[in-house]
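Let me begin by presenting the structure, written as structure tokens, before commenting on it.
The values are calculated or read from the model by the stated rules, or taken from the named source; none is laboratory data. Note that the coordinates shown come from a computational prediction; the quantities given were computed from them, not determined experimentally. Virtual Cβ from ideal backbone geometry, glycine too; neighbours counted across all protein chains shown. With ligands, DNA and RNA removed, areas are computed over all heavy atoms of the protein, side chains included. Shrake-Rupley method; radii C 1.70, N 1.55, O 1.52, S 1.80 Å.
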Amino acid sequence: MRSSNPVFSRRGFSRDNGYAGFNTAPQAGGAAVGTQGNPYAQPQAGNPYAQNPYAQNPYAQQDLQYGAPPQAPATTGRMTLDDVLMRTGATLGTLIVTAALAWALLPVDDANISRSYGIGIGAALIGMVLAFVQSFKRKASPALILTYAAFEGVFLGVISSIVDNRIASGAAMQAVLGTMAVFAAVLVAYKAGWIRVNRRFVGFVMAAALGFILLMAVNLLFAVFGGGDGLGFRSGPLGIVFGVIGILLGACFLALDFKQVEDGIAYGAPREEAWLAAFGLTLTLVWIYMEFLRIIAILQGDD
């Protein structure tokens, strides 16, 4: 399964990444084991299922009737849940530290707000470029991911300080709590099986995200060239509606991220791809946080 993110996709987790899964060879007297939905399995000649990660593997039913779960990777150097947690912690930790420093060191009073806002926007543009570069690399670059997190943290620190100090007091903490609540809710729903990530789910989420991003881009163009709030999609009642839609899309992409991590661990993805999982989770969480911050600013601000 090719994983996607509201802003970028991770090539390292795509089905054509060149990494072979484990335990795909036929056993004596039996068929291949553990290949159903394996995004890391190498395409084989004559195998009509190799190209479609969502196709039903007729051989996998032999294992399912015995309740046999995927076996653990037989070799070292494979991604584990601890690897994902550690890399995600390092990425989010870098983002939080730089956000706190930007909040403390870049004042947003009347005399300094223009300078601080300019620094924040500049950091956001640099972070966006770094994120694009990483998204098109076939392998994870820890230095690139952490540098992205650092610049993104500067932007979040400045924009959060502006909203919290000049528009809606306490908005930053409320947005953090909201983001944590969405993360926990999606994780519980995913583990409980209430969210099923299949081909239809992925197609729906991608179509909805594409439409959302195009609308926001059009609104931004109208705002830049026409002035004001553009088409009004990001302010007032419509801004609240689209903010809620953005949060729901972020929750859907969290489910995709959880599925990708689960598949990567089950089928023996290389350990370095834990950095790609951390990168994707960070992008999604930043997306959700920004939507919460915008909604709170609209509700408590002059709009």
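Numbers below:
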item: From the options 141, 169, residue that is among the polar types (S, T, N, Q), more than 14 Å from residue 290 (Cα to Cα) and open to solvent by 60 Å² or more (accessible area, probe 1.4 Å); result: 169
item: Where residue 193 falls short, out of the listed (1) part of a helix (DSSP H, G or I); (2) on the phi > 0 side of the Ramachandran plot; (3) not acidic (Asp, Glu); result: (1)
item: Matching residues in segment 173-188 - criterion: being surrounded by fewer than 24 Cβ atoms within 10 Å (Cβ to Cβ) and in contact (Cβ under 8 Å) with a residue 12 or more places away in the chain; result: 174, 176, 178, 179, 182, 183, 185, 186, 187
item: Scope segment 230-268; condition outside any helix (DSSP H, G or I) and either touching a residue at least 60 places away in the same chain (Cβ under 8 Å) or not small (Gly, Ala, Ser) (or both); matching residues; result: 231, 233, 234, 235, 267, 268
item: Residues satisfying the stated conditions in segment 206-255, i.e. surrounded by fewer than 13 Cβ atoms within 10 Å (Cβ to Cβ) and not aliphatic (A, V, I, L, M); result: 211, 225, 226, 227, 228, 236, 237
item: Unique residue being under 19 Å from residue 80 (Cα atoms), among the charged types (D, E, K, R) and either open to solvent by 10 Å² or more (accessible area, probe 1.4 Å) or part of a helix (DSSP H, G or I) (or both) when the list is 291, 272; result: 272
item: Failed condition for residue 169, given (1) part of a helix (DSSP H, G or I); (2) closer than 30 Å to residue 119 by Cβ; result: (1)
item: Those residues of segment 259-268 which are open to solvent by less than 20 Å² (accessible area, probe 1.4 Å) and either within 17 Å of residue 288 (Cα to Cα) or modelled with pLDDT of 90 or more (or both), in sequence order; result: 260, 261, 263, 264
